[in-house]
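Below is one structure, written out as structure tokens; the observations come after it.
The values are calculated or read from the model by the stated rules, or taken from the named source; none is laboratory data. Keep in mind it's a predicted model, so treat the numbers as computed, not measured. Methodologically, a virtual Cβ is constructed for each residue, glycine included, from the backbone with ideal geometry; neighbour enumeration extends over all protein chains shown.
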Amino acid sequence: MFKRPRQKQPVFDNMKNSIRNFAPLLVVVAILAGCATTAAKWEYRTRTTDSPKGKAVLDEYGQGGWELVSYTSRPKDATGTNFVYQYVFKRPKK
């Protein structure tokens, strides 16, 4: 007898079935990933100096795990010739 060849299921139907089977798993993974993220807690330290000895300050705090966040300079007095230099550092809270 003549045997009829079996027809293949269309590729699109296979993809729909795969997505349907894995959808609940993907939802659970997405929910757990959202719950696992927490905001980092930081501690900050400010260092003010009268001279612009930037490299020494950066090296000192860098060895302690501090990261430079900001650097500013402002006039120390009304003459505008003397300045104060301020560094702001942060590192993860321990």
Return a yes/no flag: does region 48-61 have any residue that is within 16 Å of Gln86 (Cα to Cα), in a strand (DSSP E or B) and modelled with pLDDT under 90. yes
Count of region 64-94 residues which are free of Cβ contacts under 8 Å to residues at least 24 places away in the same chain, exposed (fewer than 13 other Cβ atoms within 10 Å of the Cβ) and either at positive phi or more than 21 Å from the chain's Cα centre (by Cα) (or both): 9
